[in-house]
Amino acid sequence: MTQALTDADGRVRDLLERPLTVGDYRLEFDTARGEEPFFTRVALDIRVTDPARSYHVPLLLAPFSMTTYRGS
């Protein structure tokens, strides 16, 4: 298990601190910020099939909605 904070651009540049390998991963986001957050935690399960490529997993939050997609 690894924990990391996002930078000013909202990114984590080196999440694992070791080489990425093929496999299934769970990304958990602690989103409990603000006065009365609706979403307190968001979990995304992803599958890495090519560890040589870069993976971009955007998570967009609004007060009562959220979305994610496979970025480029």
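Inside the stretch 29-45, residues that are of a type in the set (Val, Ile, Thr) and either open to solvent by less than 50 Å² (accessible area, probe 1.4 Å) or touching a Lys or Arg at 6+ places or on another chain (Cβ under 8 Å) (or both) make up a count of 2.
Sort out which residues of the stretch 39-53 are assigned to a loop (DSSP other than H, G, I, E, B), within 18 Å of Thr67 (Cα to Cα) and of a type in the set (Val, Ile, Thr), and write them in order of number. Passing the criteria: only Thr40. Among the residues of the stretch 1-11, the one identified as within 16 Å of Arg70 (Cα to Cα) and of a type outside the set (Lys, Arg) is Gly10.
Of everything in the stretch 54-65, what is closer than 18 Å to Asp9 by Cβ and part of a strand (DSSP E or B)? Give them in sequence order.
Step one: filter the stretch 54-65 for residues closer than 18 Å to Asp9 by Cβ, giving 54-61.
If the condition is that a residue be closer than 18 Å to Asp9 by Cβ and part of a strand (DSSP E or B), then Leu59, Leu60, Leu61 are the ones that fit.
Consider only pairs whose beta carbons are under 8 Å apart and that are at least six residues apart or on different chains; among these, list those whose first residue lies in the stretch 36-65 and is over 19 Å from Thr6 (Cα atoms) and whose second residue is among the acidic types (Asp, Glu) and at pLDDT 90 or above. Close Cβ pairs (under 8 Å, with a partner that is among the acidic types (Asp, Glu) and at pLDDT 90 or above) amount to Arg47/Asp24; Val48/Asp24.
For residues that are modelled with pLDDT of 85 or more, in a loop (DSSP other than H, G, I, E, B) and not aliphatic (A, V, I, L, M), scanning just the stretch 12-38, find the one that is farthest from Tyr69 (Cα to Cα). By that ranking, first place goes to Pro19.
The values are calculated or read from the model by the stated rules, or taken from the named source; none is laboratory data. Because the structure is a prediction, the values reported are computed rather than measured. With ideal geometry, Cβ positions are generated from the backbone for all residues, glycine too; neighbour counts draw on all protein chains shown. The area values use the complete protein model at the heavy-atom level, side chains included, leaving out ligands, DNA and RNA. Shrake-Rupley method; radii C 1.70, N 1.55, O 1.52, S 1.80 Å.
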